[in-house]
Amino acid sequence: MATLLLTHGAFQGGWVWQKAAPLLRARGHAVHAPTLSGCGHLARSVRPEDDLNGYIQDMVNYLDMEELKDVTIVGHSFSGLICGTVMMQCPGRIRQAIFVDAAIPQSNRSFVEIAGEQFSQMLQMHHLENDLVRPWPAKVFGVAAAEADWFEARLRPFPYRAFHTPFPGVFDPAITPVSHIACLRTMSPFIREMAEKARAYSWPTYELDSGHCPMIACPEQLVEIMDAILQSGGKSA
């Protein structure tokens with residue numbers, strides 16, 4: 001049995017794992033899917049000044065409050081930067097990491113710097129006057145039309161500043177075993193490029209015929225891969 005800490009991406013909340021989490025529990029794993037400050041059901045407390053560092057502290061606080069050890073931390077999309085920092089700050093408590101179509105950190109660089117000009121332009125198009133960012137449409141997340149209304153109704157604006165916060169310090173890709181799951185139908189070019197970066201780091205890599213949110217689009221297949229990673233200890237693809 002593994003202890004899993006599932007971390008959601010921008011605009012989302014712990015709710016995004018509600019299909020995958022029961023499947024993981026059915027396989028005997030202990031599953032935690034917290035919601036970051038100002039996200040999901042906590043959206044009433046969102047603040048423009050919230051940034052990457054605050055979300056990192058959310059996860060460190062959760063580890064402390066729940067007294068979690070020997071944890072497999074799972075990051076999706078934006079939360080690759082959160083997980084990367086927790087790996088660096090809490091190496092004694094993190095057994096391994098699984099990046100699900102997630103941004104791979106670069107030392108002292110923000111999400112928008114890693115993502116590049118195309119993402120920067122998209123960010124500007126969705127930038128609201130209150131310094132929040134409105135969510136992308138469901139199709140960008142790879143969510144099918146049948147579930148688009150359900151999915152979009154749960155998305156919430158996300159702080160603009162969070163995308164511009166530099167990764168805090170040096171990222172060491174070898175500090176913790178990491179596996180990478182790439183979604184082949186992801187619309188974002190820079191997210192698709194993360195698979196090559198993962199291979200360059202010699203991380204075990206896996207592929208899913210899915211859009212960007214496999215925990216919604218194909219939770220059974222995602223859990224099958226995650227369970228295989230947990231069984232192998234993240235040692236090989």
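Taken per residue, the accessible surface of the chain reaches 43 Å², heavy atoms only and a 1.4 Å probe.
Here the simple spin-label model places points 7 Å from the Cα toward Cβ, and for residue 193 and residue 15 these points are separated by 3.3 nm. DSSP beta bridges fully contained in region 97-237 are about 25 percent antiparallel.
With the highest mean first, a sort of the peptides 161-174, 85-98 on other beta-carbon atoms found within 10 angstrom per residue produces 85-98, 161-174.
Leaving out ligands, DNA and RNA, and with a 1.4 Å probe, what % of the accessible surface on the chain is carbon or sulfur? Heavy-atom surface of the chain belonging to carbon and sulfur, 1.4 Å probe: 50 percent. Judged by the ratio a/c of the largest to the smallest principal axis of the C-alpha gyration tensor, region 182-222 counts as oblate, that ratio being 1.5 or greater while a/b is no larger than b/c. Note: relative contact order over region 129-196, using C-alpha pairs below 8 Å and six or more positions apart, is 34 percent. With a ≥ b ≥ c taken as the square roots of the eigenvalues of the C-alpha gyration tensor of region 3-43, please select rounded if a/c is under 1.5 and otherwise prolate if a/b is larger than b/c or oblate if it is not? Note, shape of region 3-43 comes out prolate.
Between the beta carbons of residue 125 and residue 89, assuming R0 = 41 Å, the FRET efficiency works out to 0.75 to the nearest 0.05.
The mean sequence separation of alpha-carbon pairs under 8 Å and at least six residues apart, normalised by the residue count of region 174-237, gives a relative contact order of 36 percent. Calculated on the alpha-carbon coordinates, the convex hull of the chain measures out at 110 cubic angstrom per residue. Here the translational diffusion coefficient of region 1-109 follows from Stokes-Einstein with Rh set to the Kirkwood radius across Cα pairs; for 20 °C and 1.002 mPa s it amounts to 153 µm²/s.
Tell me whether region 151-237 comes out rounded, prolate or oblate; compute the Cα gyration tensor, take square roots of the eigenvalues as a ≥ b ≥ c, and use a/c under 1.5 as the rounded threshold. Since a/c reaches 1.5 but b/c is at least a/b, the shape of region 151-237 is classed as oblate.
Of the complete DSSP H runs in the chain, those spanning 18 angstrom or more by Cα along the long axis with a mean Kyte-Doolittle score not below 0.0 are 219-232.
The separation of region 77-144 from region 8-35, counted between C-alpha centres, amounts to 18 Å. Spin-label model, residue 147 to residue 61: label points 7 Å out along the Cα-to-beta-carbon direction sit 3.0 nm apart.
The values are calculated or read from the model by the stated rules, or taken from the named source; none is laboratory data. Note that the structure is predicted; figures quoted are calculated from it, not measured. Positions of Cβ are backbone-derived with ideal geometry, glycine not excepted, and every protein chain shown enters the neighbour counts. Just the protein is used for accessible areas: all its heavy atoms, side chains included, with ligands, DNA and RNA removed. Shrake-Rupley method; radii C 1.70, N 1.55, O 1.52, S 1.80 Å.
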